[in-house]
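Beneath this line is the structure, given in structure tokens, with notes to follow.
The values are calculated or read from the model by the stated rules, or taken from the named source; none is laboratory data. This one's a predicted model, so the numbers in the text were calculated from it and none came from an experiment. Note that we place each Cβ from the backbone using ideal geometry, even for glycine, and neighbour counts take in every protein chain shown.
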Amino acid sequence: MKKFLQKHQEKIFFTLILVIGFILRIILVNKVIVGDILAYVEWGQKIWEWGSKTFYFGEHPWYYSPPNYPPVAALLFGGLDWLFRHRYVTAQLHNLIKIPPAAFIIYFYKFGDILLYKLLPILSDLALGAVIYKLILALTKNTKKALLGMTFFVLNPITVFISGAWGQTDSLVAIFGLLAFITLVGGKYAWAIFLFFVSMYLKPSWGIFAPFFLFVLYLKKPSIKQLLIAAIPTLIALIVVTIPFAEKGVLAFTKAMWVDKYIIPVKSVGKASVSAFNFYTIFLKIDRSLFNSKLLFIPINKLSLFFFAILNIFAFSFAKKSKSLLWGVIVGIFTIGFGSFLFMVNMLERYFFPALAPIVIIMFTDIKALVPLVISNIFLFANIIWSFYRRGSDEIDHPFTNNNFLLIRLISTSLVAIFVYVLKNVKIQFSRVLKTQNQ
């Protein structure tokens, strides 16, 4: 037994961390049932009751909010509702084979819909943890660092809270987005394009990476024939998932979806920062200042576009010059993902999430990045907790907002400083790693 444990200790530890991470999240499933998770459940129900053709643009009395996620998410939520509607199958199975146990059936009848919807991000968290393990191992050839990185992500209070308690879909979107870039680096163009499409059609939060994705595609230099062949499965998938909702045709629906549901609402209600501790909350009031406010006589919505261009230029340059394209892509996603959270307008508290996996990978690729990024992790978690509980708890809200938002301004300043520090040193850090591997 001792020899078996020694021989397989890495696999045992890997599995144990995933199991612990799963249990921690499942415990929280029925403890917090507020916010967007209730809207997801409503969307899943109403797609059956009202039909898909009028689901997005029909005049329906939504209790929480009308759907603003793309068709893949709507179909997925509809499928989960179908599963919950057939929950009686669990009782039938119990009567036949005594599995599942009666206690689970009682739980599932009461909380099964919430459990199903939260299982999506919960399982995505665990999948992201496994991907992080593989990427750190590929970059460092160090199993212990890879296991520690996976552990940090899977047991991170941020990921546990967002998926297990809040039930947000950020990790579900991120797993497809990250895998799209990994498969692109590996030259699997059809998979890369398809996975990026799935990510975007679940929720377009990875849309900020579209220019970088195209640039990495350019660096890989596929032929026109390869690109055309690779794009066909995605084009077919786009049409298939859109047709159920397209009352007036696929093109008309797509235009209405992306313009009316995303671009116009953002332009009409945009704020400097919705609830994110970022560059603009150093100077302006969080959740109050509109995105046409000015800094140094410049409207910050225009300033944010300038910052976005700079972030992309840095990411493009780093990826092109990096000795490892995989490393260049990880740093590029970190730069654009975390940088957009810090320097783009209209950011929510969770919009750093696309950068979270790269943050963990960078932390454990070189130990010199560990301390500042651990500190940033603490600050980001504070942002999550403040945003989630501020309206219902003065005890949580006031320490952050008292004294003219002093604590928020200090945290925001620190996050910007950490971001700049990491970008300044990240190339040097990885060069040291490569040198160590070659010795």
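For the range 221-245: of the residues being more than 15 Å from residue 197 (Cβ to Cβ), in contact (Cβ under 8 Å) with a residue 12 or more places away in the chain and hydrophobic (A, V, I, L, M, F, W, C), which is surrounded by the fewest Cβ atoms within 10 Å (Cβ to Cβ)?
For the range 221-245, the residue satisfying everything is 229.
Could you tell me whether residue 251 is in a helix (DSSP H, G or I), surrounded by fewer than 16 Cβ atoms within 10 Å (Cβ to Cβ), among the aliphatic types (A, V, I, L, M) and modelled with pLDDT under 95?
Against the criterion (in a helix (DSSP H, G or I), surrounded by fewer than 16 Cβ atoms within 10 Å (Cβ to Cβ), among the aliphatic types (A, V, I, L, M) and modelled with pLDDT under 95), residue 251 qualifies.
Those residues that are surrounded by fewer than 14 Cβ atoms within 10 Å (Cβ to Cβ) and part of a helix (DSSP H, G or I), I need them from the range 379-409; list them, please.
Within the range 379-409, 389, 394, 395, 398, 402, 403, 404, 406 meet the criteria.
For the range 43-68: of the residues being in contact (Cβ under 8 Å) with a residue 12 or more places away in the chain and within 22 Å of the chain's Cα centre (by Cα), which is nearest to residue 254 (Cα to Cα)?
68
Among the residues of the range 15-54, which ones are crowded, with 16+ Cβ neighbours inside 10 Å and over 20 Å from residue 169 (Cα atoms)?
Result: 17, 52.
Against the condition outside any loop (DSSP other than H, G, I, E, B), surrounded by 13 or more Cβ atoms within 10 Å (Cβ to Cβ) and not acidic (Asp, Glu), how does residue 64 come out, does it pass?
Answer is no for this residue.
Being closer than 26 Å to residue 36 by Cα and either of a type in the set (Gly, Ala, Ser) or surrounded by 14 or more Cβ atoms within 10 Å (Cβ to Cβ) (or both) is the filter here; which residues of the range 86-103 pass it?
Passing the criteria: only 87.
Being within 21 Å of residue 167 (Cβ to Cβ), out of contact with any Leu (no Cβ under 6 Å at 6 or more places or on another chain) and among the hydrophobic types (A, V, I, L, M, F, W, C): is that true of residue 115 here?
yes
Condition check ((1) under 24 Å from residue 197 (Cβ atoms); (2) part of a loop (DSSP other than H, G, I, E, B)) across all residues:
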position	(1), (2)
60	no, yes
68	yes, yes
75	yes, no
80	yes, no
84	no, no
89	no, no
109	no, no
114	no, no
130	yes, no
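Name, by its number, the condition in (1) out of contact with any strand residue (DSSP E or B) (no Cβ under 6 Å at 6 or more places or on another chain); (2) within 16 Å of residue 409 (Cα to Cα) that does not hold for residue 307.
Result: residue 307 fails condition (2) only.
If residue 345 satisfies all but one of (1) under 22 Å from residue 295 (Cα atoms); (2) among the aliphatic types (A, V, I, L, M); (3) surrounded by fewer than 22 Cβ atoms within 10 Å (Cβ to Cβ), what's the number of the condition it fails?
(3)
Restricting to the range 85-98, name every residue that is more than 26 Å from residue 44 (Cβ to Cβ) and modelled with pLDDT of 90 or more.
Residues satisfying the conditions are 95, 96, 97.
Against the definition (over 21 Å from residue 129 (Cβ atoms), surrounded by 23 or more Cβ atoms within 10 Å (Cβ to Cβ) and in contact (Cβ under 8 Å) with a residue 12 or more places away in the chain), how does residue 329 come out, yes or no?
Here the answer is no, as residue 329 does not meet what is asked.
When the range 318-354 is examined, which residues are found to be outside any helix (DSSP H, G or I) and among the aliphatic types (A, V, I, L, M)?
Answer for the range 318-354, where residues must be outside any helix (DSSP H, G or I) and among the aliphatic types (A, V, I, L, M): 344, 345, 347, 348.
Looking at 315, 357, 276 in this structure, which one is buried (at least 24 other Cβ atoms within 10 Å of the Cβ) and part of a loop (DSSP other than H, G, I, E, B)?
Answer to the check: 276.
A quick yes/no check of all residues on (1) more than 24 Å from residue 260 (Cβ to Cβ); (2) modelled with pLDDT under 95; (3) of a type in the set (A, V, I, L, M, F, W, C); (4) touching a strand residue (DSSP E or B) at 6+ places or on another chain (Cβ under 7 Å):
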{"position": "9", "(1), (2), (3), (4)": "yes, yes, no, no"}
{"position": "12", "(1), (2), (3), (4)": "yes, yes, yes, no"}
{"position": "23", "(1), (2), (3), (4)": "yes, no, yes, no"}
{"position": "32", "(1), (2), (3), (4)": "yes, yes, yes, no"}
{"position": "37", "(1), (2), (3), (4)": "yes, no, yes, no"}
{"position": "54", "(1), (2), (3), (4)": "no, yes, no, no"}
{"position": "57", "(1), (2), (3), (4)": "no, yes, yes, no"}
{"position": "65", "(1), (2), (3), (4)": "no, yes, no, no"}
{"position": "69", "(1), (2), (3), (4)": "no, yes, no, no"}
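Can you pull out the residues in the range 123-156 that are under 12 Å from residue 363 (Cα atoms) and within 17 Å of the chain's Cα centre (by Cα)?
132, 150, 152, 153
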